[in-house]
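Let me begin by handing over the structure; questions about it come next.
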Amino acid sequence: MIEVEPVIQQESSVLSGHRLIIVSNREPFQVVREEDSLRLERSAGGLISALDPVVQSSNGLWICWDGAFQEDDYSFEDLSRLAELNNIEFPYPLQMVKLSEEDIEHYYYGFANQQIWPLFHYFPSRYAFQEKEWAQYTEVNQKFAQSIVENATPEDFIWIQDYHLMLVPSFVREKQPDLNLGFFCHVPFPHYEVFRVLPTRREILRGMLGADIIGFHTPDYAKYFMECAEMLLPGEVKVLDGETLMFRSRQVRVKAYPISIDYDSIDAISRRPETDEAVAQLRSSFQPAELIGLGIDRLDYSKGIFDRMECISLFFDRYPEYRKRLVFIQIAVPSRTKVEDYQQLKHEVDEAVGRINGRFSEDGWAPIHYLYRGFPMEELVAYYKAADFALVNPLRDGMNLVAKEYCAAHSDDNGALILSEMTGSAYQLKESFLVNPYDYPSVVEAMHAALSASNEEKRERMIQMRKTIQENNIEKWLNDFLADFNVAIQHRYDNA
Ligand code: GDG
């Protein structure tokens, strides 16, 4: 375990003296390769920055895999030295679960990312059951459970994150029934008709039901979970109301907590003079084209990037007057590059960009500007702010934070968001231009509507969306979940 000095002091009223233990597959930092050496960087996302102070102020702990070190041939033991060398201060202790190469291959790339991910995102055709992967998933979930049992006490709040660790709550409950367990699902929970494809569907449900509270992004995901539990575990599950069910003799709270972003910090970055300079530079670099469209995603088939390219092509077919006037910037961050479906997707997107640019380019103008890499948040905010519209058209997405970040970065109240109905964000961002991502012509018409809308209309929509995101920021997500976690465990104490 790596012990470090606290760097932030902030009390969490919700936890009232209890320690918060976060359990996630990913570590709350990134390993950056630089020539011959490795550098550690704190992960910059809203989730980590929201959780950090609370874990810290509660004297809590973060339990995660040691995967990044495995991939870079660095040993688990080297972390401490690297952290010291790079002057990284972790505001709380990290406990890393040691995984073998085989674990990572079958549990992470295999079961989590080639079985659960496609199925939960409604791609059953990409799904194939492999017994070996399920066995390894079970084994790794046991390793995480063991680490929790070794490190937690019955006073702690233990919050397990995401689809990599769905069996952990029940494994922990079996080993130590009096621990307080919360679980959050960051991906969609599918409808019964899709979920039941999974051969190990009952084990997965029982795994999650080991928790006192289970959170989802939208009320629909919570409802589908309840329906699956009721239909697949008759005799074990009884739904009490829209937010609670009995699993055997224990009550479990099941509810939607829509995750969000650190609105204030993105809004603040967008107001910096440096950001406006970067925006001006970006815009001038695409001159004489005066309009910018934007897509930012991990390169994942669920995000609809290939479909987006086809929509752009159709747009320039239907509206030739926008040729040479509009550039679409696509930032695609490399993701799960060892998985064949992702290599194939990269190939398809590369091909589509080449084909569309080859077909429409003229006089030094190319319709698509494609960047296959990640950027620091400050640069992303400049891209967001420079864009006249963002096209966020996932075929399925648990929430989609890019849509929220795009709005938060528009402190000028300009811009237009075109958003897929198949995202969790669509539940909240009703003033966006909502589209069915499978219906290419309607996406094209939404692009046209967004570009043709009056400044006043766009402003009204943007102001409302920004208000919604500001009021429902990452802190609210965290506090709402922890407050209900408190209620759920009180209920268990009272009925013990
Ligand atoms: C999963 C669920 C759910 C992207 N490029 C860069 C960069 N990003 C950041 C964005 C945003 C995040 O990554 C992407 O979040 P999304 O929500 O859009 O998508 P997933 O990665 O698939 O996240 C999703 C989420 O979990 C939370 O529960 O919303 O549905 O699939 O924050 O800004 N960040 C930096 N450089 C980049 O180039 N720094």
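The values are calculated or read from the model by the stated rules, or taken from the named source; none is laboratory data. Not measured: the values here are computed from a predicted model. Glycine also receives a Cβ, built like all others from the backbone with ideal geometry; neighbour counts cover every protein chain displayed. Side chains included, ligands, DNA and RNA excluded: accessible areas come from the protein's heavy atoms. Shrake-Rupley method; radii C 1.70, N 1.55, O 1.52, S 1.80 Å.
Using only Cα atoms, what is the ratio of the radius of gyration of segment 135-196 to 2.2 N^0.38 Å? Please report the intermediate quantities before stating the final value.
On the way: Rg = 12.6 Å, N = 62, 2.2 N^0.38 = 10.6 Å.
In units of the globular-protein estimate, segment 135-196 measures up at 1.20.
Something else about it: Compactness ratio of segment 264-471: Cα Rg over 2.2 N^0.38 Å, N = residue count?
On the way: Rg = 15.9 Å, N = 208, 2.2 N^0.38 = 16.7 Å.
That ratio works out to 0.95.
Please report, in debye to the nearest 20, how large the charge dipole of segment 188-292 is about its Cα centre when each Lys and Arg carries +1 at its beta carbon and each Asp and Glu carries -1 there.
On the way: 13 positive and 16 negative charges, 139 e Å.
The dipole of segment 188-292 has a size of about 660 debye.
If only Cα atoms are counted, what is the Rg of the chain, and what is its Dmax, in Å?
23.0, 75
Got a sec? Charge dipole of segment 198-304, +1 on Cβ for Lys and Arg, -1 for Asp and Glu; which of C228, V279, I261 is way out at the positive end?
C228
What nm value, rounded to one decimal, do you get for the distance between E236 and F129 when each label is placed 7 Å out toward the C-beta?
1.6 nm
Once Lys and Arg get +1 and Asp and Glu get -1 on their Cβ, which of Q251, S270, C185 lies farthest toward the positive end of the dipole of segment 168-291?
Q251
³J(HN,Hα) across segment 441-447 via Karplus (A = 6.51, B = -1.76, C = 1.60, θ = phi - 60°), whole Hz, x for Gly/Pro?
Per residue, the Karplus-derived 3J(HN,Hα) values read x, 6, 5, 4, 5, 5, 4 Hz.
Something else: Please give the peptides 474-482, 206-214, 369-377, 177-185 ranked by average Cβ packing (other Cβ atoms within 10 Å per residue), highest first, as a rough proxy for protection.
Values: 474-482: 19.4, 206-214: 25.7, 369-377: 14.2, 177-185: 21.1.
Ranking, from highest mean packing down: 206-214, 177-185, 474-482, 369-377.
When the convex hull of the Cα atoms of segment 239-278 is projected onto a plane and the area is averaged over all directions, what value comes out in nm²?
Numbers: hull surface 18.0 nm².
Across all orientations, segment 239-278 yields a mean hull projection of 4.5 nm².
Could you give me the ³J(HN,Hα) list for segment 107-115, computed from phi with Karplus coefficients 6.51, -1.76, 1.60 and θ = phi - 60°, whole Hz, x at Gly and Pro?
Once θ is set to phi - 60°, the couplings for segment 107-115 become 6, 7, 5, x, 5, 5, 9, 10, 10 Hz.
Still on this structure, please answer the following. So, in Å, what gap is there between the alpha-carbon centers of segment 167-222 and segment 262-294?
If we compute the Cα centre of each part, the gap is 41 Å.
Something else now. Through the Karplus equation 6.51 cos²θ - 1.76 cosθ + 1.60, θ set to phi - 60°, convert the phi angles of segment 316-333 into ³J(HN,Hα) values in whole Hz; use x for Gly and Pro.
After applying 6.51 cos²θ - 1.76 cosθ + 1.60, I find 6, 5, 6, 10, x, 5, 8, 4, 6, 9, 10, 10, 9, 9, 10, 9, 10, 8 Hz.
Assuming R0 = 30 Å, can you tell me the calculated FRET efficiency for the pair R271 and N455, based on Cβ-Cβ distance, to the nearest 0.05?
Values: r = 20 Å, r/R0 = 0.66.
Taking R0 as 30 Å, the efficiency between R271 and N455 is 0.90.
Right, another one. Arranged from highest to lowest average of other beta-carbon atoms within 10 Å per residue, in what order do the peptides 357-364, 381-388 appear?
The peptides rank, most packed first, as 381-388, 357-364.
Right, here's the next one. For a quick check: with amide H placed at 1.01 Å from N, whose amide H comes under 5 Å from S335's, ignoring anything fewer than 5 positions away on the same chain?
Those qualifying (amide H under 5 Å, at least 5 residues apart or on another chain) are L299.
With point charges of +1 on the Cβ of Lys and Arg and -1 on the Cβ of Asp and Glu, referenced to the Cα centre of the chain, which listed residue (S454, V140, A112) lies farthest in the positive direction of the dipole?
Towards the positive end, the residue furthest out is S454.
Further, regarding this structure: Mind jotting down a quarter of the surface of the convex hull over the alpha carbons of segment 97-213, in square nanometres, one decimal?
The orientation-averaged projected area of the Cα hull of segment 97-213 comes to 6.8 nm².
A further question follows. Of the listed pairs K303/K346; K132/K175; K346/K404; K404/K467; K385/K467; K430/K467, which have alpha-carbon separations greater than 19 Å here? Kindly include the intermediate steps, with their values, before the conclusion.
Numbers: K303/K346 13 Å; K132/K175 24 Å; K346/K404 25 Å; K404/K467 11 Å; K385/K467 17 Å; K430/K467 12 Å.
Checking Cα-Cα distances, K132/K175; K346/K404 exceed 19 Å.
Ok, one more. So, for the chain, what is the accessible surface per residue at a probe of 1.4 Å, expressed in square angstrom? Could the numbers behind the result be given before it?
Working: 19990 Å² over 496 residues.
I get 40 Å² per residue for this part.
Of all the accessible heavy-atom surface of the chain, with the other protein chains kept in place and a 1.4 Å probe, what percent is carbon and sulfur?
Details: 9420 of 19990 Å².
Ligands and nucleic acids excluded, carbon and sulfur reach 47 percent.
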